[in-house]
Structure formats: C-alpha cells, structure tokens
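Structure first, commentary second.
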Amino acid sequence: MATLDVVHVLGSRLDPDLAEKLHGLSHHGTIRYLELETADTARRRLRATTADGLDVGIMLPREERLFDGAVLHMDEESALVVRVRGERWLVLMPSSVPEALELGYHAGNLHWRVRFDEGRLLVALEAPAADYLARLGHLAAHVPHHVEGPDERREVS
Amino acid sequence: MQSIELSNEAPTAAPAAARIGIGGPVGCGKTALIERLIPVLQRRGINFAVVTNDLVTKEDALRLQRSGLIDPTRVSAVEAGACPHTVIREDPTLNIAAGDEMERLHPGLELVIFESGGDNLASTYSLDLVDWWMFVIDVAGGDDIPRKRGPGVLRSDLLVVNKVDLAPHVGVDLDQMLADARSVRNGRPVLATNARTGQAIEELADIILHAVLLER
C-alpha cells in the first residue's frame, strides 16, 4: 500500500503561491484530501489514511500544527490537503436561570469544550451525544437539546 | 505545465521527539508499566526520556531514577502543586517545558513519556501536550470501572487493563470486564497487561511505537 511521510506543513491552500499551484493541479493532476477530526489536528504525530487508501504518517515539529486547508505535500502530479471534518455540537437550551446555572456547573466540572450562543450552551462532541447526556442526569430529560453538525439529521428532544 | 517544487522532503534536522501520555488512577500500575517498558524500548534502540507528575513530591521520578533501569538524567519530575490532571489538561505549560528541557539535554531524543495520575477516572491529556495517550485501570479497582464511562476510559487512544493476574483473587470476571471496556470504547483498542510478569508489554510497545511512527 502507498505511504507518504509528512514532516512539515508546506502552507495553507489559501496562500497565493500554493493556491495557484493547486488550481493547476485541479486541471492537470490529482488533489487528495486527508480528512481529520477537529481534535486530531492538535497532534504532531499521527497516522491517517485518505479516502483512496494512501497511508499518511505525520511527524510535525512542535511549533507547527495541522489545520483545515494545510497543504502537506505537493509535486508536479499531485497534492495532499487537510480537510477538517466539521465539529458536532450538542445544543442545550435551558429555559430558566436555575437550569442554566446547573448546566454551566456540569459543563465546567466535566471539562467539556463549550461555546455560548444567545442563551444556548453548545458542547463540542468527541463521543456519542448519549455519553454526554448521561452525565447530565435529570437535566437531560428537562432541557431541550439536539445535535448540530455536518451531515447531522436534526433531532430535537 | 508549471514548475512545482514544494514536495515534503525530509528536513535537515531530526524531527521533534514524539510525546505520549500515560494516565490513570493512583495505584493502577502506571510507574510499574513504565519500568517494564524501559528495557523494551532500550532494546529497540529508542532514545527516550520520562517526565512524571506528582502532587507535591517527586516520588515517581525518584523511584525511576533509583531503579537502575535508566540514566537518571532522563527522568524529571513536575510537581503540580494541585491535582496533577491540572498540568496535563487545563494548563500543560509546566510539562511542555519539561519535555522541551529533556530534548535540549538529550539531543536526538525520539520519545518523551509523560506519566500522571489524578482526577480518578476523569483524567485526560491535552493533545497540546502529547500526540497520543493511554489510560490505565486495574482489575483490583473493580470490574465496573469500564461501565462508569469515565472520560479517561472513553477517550484515550488505548485503554490498558493492568494487574490481570489479580482477577480471580478479587472476584473479577476478566473476560466480562474486557468486553465491557471494548463495548464502551466503540472499537478503540483495549489491552490486558500484567506489569508484574511483563505480560503484553512487548505488545504495548508495538502499539505505542506504531502510533507515533517510531517503529524500527
């Protein structure tokens, strides 16, 4: 099976020089995408595989990191670009201040990654939503919630 | 066709050392596993160092430094001053600095192992600190640990169930415990070890070195 070792990030697909070369390859070559979870972009050492079966071994210096659009390889025939899968969020909608306080306490106590959006608490999902809801106990039954993200069928509880 | 010269060639300098984390509750056998790993990694020619984390002492580091297994300068300690999970997850600055110092002291270092207990089953490593991490539990801690679905059990790259020789002595159905662990981890790997006898330590080294691209 084909393998590719990556030892540094060449730049962003938006960098003018790289963008021009990627444009050329889109007509006369192959652009591969390496799909990664958001959390995995923090790793400097990582094994991953492209959709067409190219095994990629990443060994970055600590001052570099992966990001959406990072160009990992480019030659006259092909390029490899990181595509970060969109984050999935558990959206919790407290209907009272006491509910919001209790939700905030649990989210902090459980060290969840969160963001706030006009009274909604959004929790970044790194595991099935059911695992997160189980930690909320009775709140999960009372607080309306759903999951948002790419390819997510919106399910409101 | 236009000229394209930006291939990802090997750098002139050696790549930075890979960094891994070993977490788990106090007493699960983290230090004992490292003591077993040390000779295996040495035999495989891996240039490595260890950073330990303790609450207010350097107990784990001193144990390794006095073990005779490893050059004592390749072991350093971070005193968290609080529950150690704070310095591997919330703010790993002290550990990052300790890893950097190890790389400075030992040119060509390939691997830094960070060991930390703390926060019982909720301890997790920041991926800003490590590239890969494993969580260690032991059968004597109770066969219900996997079913408690702690973040360490669920999110680690590898779950190690240690002290498997004790299962019959503490009334644990090891097969069921391992099945529960695999069930809650959705396909992520689980490894049963015994640091006392060395059971599965070679396999553990295989998994670590493959994950961080240090296979020989």
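The values are calculated or read from the model by the stated rules, or taken from the named source; none is laboratory data. The structure presented is a predicted model; accordingly, all values stated were derived computationally and were not measured. Ideal geometry is used to build each Cβ from the backbone, glycine not excepted, and the neighbour counts take in all protein chains shown. Just so you know, the surface numbers come from the protein's heavy atoms only, side chains and all, with ligands and any DNA or RNA stripped out. Shrake-Rupley method; radii C 1.70, N 1.55, O 1.52, S 1.80 Å.
Points to keep in mind about this one:
- The residue list A:ARG113, A:ARG88 contains one member that is farther than 21 Å from B:GLU215 by Cβ and touching a residue at least 60 places away in the same chain (Cβ under 8 Å), which is A:ARG88.
- The range B:134-166, residues that are open to solvent by 10 Å² or more (accessible area, probe 1.4 Å) and under 25 Å from B:ALA16 (Cβ atoms): B:ARG155, B:ASP157
- Flag if A:VAL84 is under 27 Å from A:ALA48 (Cα atoms), open to solvent by less than 40 Å² (accessible area, probe 1.4 Å) and among the β-branched types (Val, Ile, Thr): yes
Here's the yes/no breakdown for (1) over 26 Å from B:ARG149 (Cα atoms); (2) without any contact (Cβ under 8 Å) to a residue 60 or more places away in the chain:
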| position | (1), (2) |
| --- | --- |
| B:VAL40 | yes, no |
| B:ASP71 | yes, yes |
| B:VAL78 | yes, yes |
| B:THR86 | no, yes |
| B:ASP128 | no, yes |
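- Filtered by the rule that a residue be in contact (Cβ under 8 Å) with a residue 40 or more places away in the chain and open to solvent by 10 Å² or more (accessible area, probe 1.4 Å), the range A:24-33 gives A:GLY29, A:THR30, A:ILE31, A:ARG32, A:TYR33.
- Of all residues in the range A:34-44, those that are open to solvent by 10 Å² or more (accessible area, probe 1.4 Å) and out of contact with any Ser or Thr (no Cβ under 9 Å at 6 or more places or on another chain) total 7.
- Residues of the range B:30-50 satisfying the condition of being at pLDDT below 95 and buried (at least 23 other Cβ atoms within 10 Å of the Cβ): B:LYS30
- Residues in the range A:5-23 that are assigned to a helix (DSSP H, G or I), facing chain B (nearest Cβ under 9 Å) and surrounded by fewer than 17 Cβ atoms within 10 Å (Cβ to Cβ): 2 in all.
- B:GLU103 within 14 Å of another protein chain (Cβ to nearest Cβ), among the charged types (D, E, K, R) and part of a loop (DSSP other than H, G, I, E, B): no
- Candidate set from the range B:87-100 (those that are assigned to a helix (DSSP H, G or I) and in contact with a strand residue (DSSP E or B) (Cβ under 7 Å, 6 or more places away or on another chain)); member that is surrounded by the most Cβ atoms within 10 Å (Cβ to Cβ): B:ASN95
- Selection from the range B:106-141 of residues that are within 11 Å of another protein chain (Cβ to nearest Cβ) and among the hydrophobic types (A, V, I, L, M, F, W, C): B:LEU111, B:VAL112, B:ALA122, B:LEU127, B:LEU129, B:VAL130, B:TRP132, B:TRP133
- Across the range A:109-149, the number of residues qualifying as more than 21 Å from the chain's Cα centre (by Cα) and either open to solvent by 30 Å² or more (accessible area, probe 1.4 Å) or among the basic types (Lys, Arg) (or both) comes to 10.
- Residues in the range A:53-72 that are open to solvent by less than 30 Å² (accessible area, probe 1.4 Å) and under 13 Å from the mean Cα position of the chain (by Cα): A:LEU66, A:GLY69.
- Among the conditions (1) buried (at least 21 other Cβ atoms within 10 Å of the Cβ); (2) part of a loop (DSSP other than H, G, I, E, B); (3) not hydrophobic (A, V, I, L, M, F, W, C), the only one that B:SER126 does not satisfy is (1).
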